[in-house]
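The values are calculated or read from the model by the stated rules, or taken from the named source; none is laboratory data. Keep in mind the model is a prediction, meaning the values are calculated, not measured. Because the Cβ atoms are built from the backbone with ideal geometry, glycine has one as well, and the counts that use them run over all protein chains shown. Just the protein is used for accessible areas: all its heavy atoms, side chains included, with ligands, DNA and RNA removed. Shrake-Rupley method; radii C 1.70, N 1.55, O 1.52, S 1.80 Å.
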Amino acid sequence: MTHNLESYFDVKNKVIVLIGATGLLGSRYTDFLSAFGANVVIADIDQAKCDNLAEEVKTKYSVDPLPLQVDVTNEDDILSLFTRVIDKYGKIDVLINNAQIKPEGFYAPFESYSKSTLMKVLDGNLGGVVLSCREACKQFVLQGYGVIINVSSVYGNVGADQRLYDGVENIYFPSERFSSPVSYAVSKAGILNLTRYLASYYREKNIRVNSLTPGGVFDNHDEKFNDQYSARTLLGRMAYYDEYNSAILFLCSDASSYMTGANLVVDGGWTAI
Ligand SMILES: NC(=O)c1ccc[n+]([C@@H]2O[C@H](COP(=O)([O-])OP(=O)(O)OC[C@H]3O[C@@H](n4cnc5c(N)ncnc54)[C@H](O)[C@@H]3O)[C@@H](O)[C@H]2O)c1
């Protein structure tokens, strides 16, 4: 028997639509998948950032990325994204829903959480994912195969540990007290059952749908926060930026060929206790 690692994890010439491609983790996934020869559709809200990232990977690797502006709260944008992808490549191998939106008031405490902020987050983190899956699946049914990866979070799997945020600086929105908001919890939990729903809906159609649950990545957080977060994990630390790349590659490729409707948890042991 011979075993060929490369064919298991092969993403060369695969068209991977990555929504939320220019952020902290999306830019890492773009670089990593491009390094293995994938043609990444670099989709995010800011066209200039998408263009820059596309130029960067084109100069490093022999790939043909497509930078495309999309606002996941806008249905027309989503329709146009998929039309343009099919126009260029004629196929989609993988859709990765990785965007997250943080409108004003995102970190507000539960008692004063506004309906408007809640609806904006649900619109982006869930509504946009449902619509993107719908458009991708139309193409997957036509071509007879496809893979979806929906990105959740530990806080979509378990309740947020609010004790970690007490007295900690909010590096993302310095004017808002740091906490883990309700909109994030309910939208990221919804992602997990959307994944199961779609895996079941497209059963026996050669369309696999899985979730990835990352834990917290160290991003120059406040030392107190880092210490408190790290103590809650079994590995005793937050993740490094590149520690989800291999999970993404696994889920994109035939290495995960018997996996659907599942949730891959990569969280340093956070949810194990
Ligand atoms: N970073 C972490 O510690 C962590 C932990 C668990 C889960 N996650 C999840 O991983 C994913 C990526 O996280 P990240 O840290 O890279 O986040 P990020 O905020 O750096 O990236 C999110 C991306 O979504 C894009 N975006 C925002 N609004 C958009 C819109 N309306 N339309 C299209 N794109 C839009 C942003 O421009 C950004 O590039 C998210 O879904 C997040 O919930 C992250």
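Do you know which of the residues in region 67-100 that are β-branched (Val, Ile, Thr) and in a helix (DSSP H, G or I) is nearest to residue 153 (Cα to Cα)?
Residue satisfying both the conditions and the ranking: 78.
Could you list, in sequence order, the residues of region 146-172 that are open to solvent by less than 50 Å² (accessible area, probe 1.4 Å), out of contact with any Phe, Trp or Tyr (no Cβ under 6 Å at 6 or more places or on another chain) and part of a loop (DSSP other than H, G, I, E, B)?
The answer is 152, 153, 160, 161.
Within region 134-177, work out how many residues are within 25 Å of residue 194 (Cβ to Cβ) and without any contact (Cβ under 8 Å) to a residue 60 or more places away in the chain.
10
This table checks each residue for (1) modelled with pLDDT of 95 or more; (2) closer than 23 Å to residue 103 by Cα.
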residue	(1), (2)
163	no, no
166	no, yes
174	no, yes
182	yes, yes
186	yes, yes
192	yes, yes
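Residue-by-condition table, conditions (1) farther than 17 Å from residue 14 by Cα; (2) open to solvent by less than 50 Å² (accessible area, probe 1.4 Å):
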site	(1), (2)
47	yes, no
50	yes, yes
56	yes, no
67	no, yes
94	no, yes
111	yes, no
128	yes, yes
138	yes, no
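Quick grid of which residues meet (1) free of Cβ contacts under 8 Å to residues at least 40 places away in the same chain; (2) closer than 23 Å to residue 211 by Cβ; (3) under 19 Å from the mean Cα position of the chain (by Cα):
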{"position": "48", "(1), (2), (3)": "yes, no, no"}
{"position": "54", "(1), (2), (3)": "yes, no, yes"}
{"position": "58", "(1), (2), (3)": "yes, no, no"}
{"position": "99", "(1), (2), (3)": "no, yes, yes"}
{"position": "103", "(1), (2), (3)": "yes, no, yes"}
{"position": "107", "(1), (2), (3)": "no, no, no"}
{"position": "111", "(1), (2), (3)": "yes, no, no"}
{"position": "132", "(1), (2), (3)": "no, yes, yes"}
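Looking at the structure I just gave you, is residue 152 small (Gly, Ala, Ser), more than 10 Å from the ligand (Cβ to nearest atom) and at pLDDT 95 or above?
It is false that residue 152 is small (Gly, Ala, Ser), more than 10 Å from the ligand (Cβ to nearest atom) and at pLDDT 95 or above.
Between a residue in region 207-236 that is more than 13 Å from the ligand (Cβ to nearest atom) and any residue that is among the hydroxyl-bearing types (Ser, Thr, Tyr) and part of a helix (DSSP H, G or I), which pairs come within a Cβ distance under 8 Å, given they are 6 or more apart or on different chains?
208/256; 209/195; 210/195; 210/256; 236/230
So residue 265 passes all but one of these: (1) within 12 Å of the ligand (Cβ to nearest atom); (2) among the β-branched types (Val, Ile, Thr); (3) part of a strand (DSSP E or B); (4) closer than 22 Å to residue 134 by Cα. Which condition number does it fail?
Looking at each condition in turn, residue 265 falls short on (4).
Given the structure, is residue 15 buried (at least 17 other Cβ atoms within 10 Å of the Cβ), in contact (Cβ under 8 Å) with a residue 12 or more places away in the chain, farther than 20 Å from residue 241 by Cα and away from the ligand (no atom under 16 Å from the Cβ)? Write out each step before concluding.
Working: buried (at least 17 other Cβ atoms within 10 Å of the Cβ): yes; in contact (Cβ under 8 Å) with a residue 12 or more places away in the chain: yes; farther than 20 Å from residue 241 by Cα: yes; away from the ligand (no atom under 16 Å from the Cβ): yes.
Yes: the conditions hold for residue 15.
Taking region 200-259 as the search range and keeping residues that are closer than 26 Å to residue 170 by Cα and of a type in the set (Ser, Thr, Tyr), which one is surrounded by the most Cβ atoms within 10 Å (Cβ to Cβ)?
Across region 200-259, the extreme among qualifying residues is 213.
Pairs under 9 Å by beta carbon, first residue farther than 13 Å from residue 19 by Cα and in contact (Cβ under 8 Å) with a residue 60 or more places away in the chain in region 80-92, partner open to solvent by 50 Å² or more (accessible area, probe 1.4 Å) and not in a helix (DSSP H, G or I), six or more apart or different chains?
89/64
Could you check, for region 73-89, whether at least one of its residues is touching a strand residue (DSSP E or B) at 6+ places or on another chain (Cβ under 9 Å), more than 10 Å from the ligand (Cβ to nearest atom), basic (Lys, Arg) and open to solvent by 10 Å² or more (accessible area, probe 1.4 Å)?
Scanning region 73-89, I find at least one residue that is touching a strand residue (DSSP E or B) at 6+ places or on another chain (Cβ under 9 Å), more than 10 Å from the ligand (Cβ to nearest atom), basic (Lys, Arg) and open to solvent by 10 Å² or more (accessible area, probe 1.4 Å), so the answer is yes.
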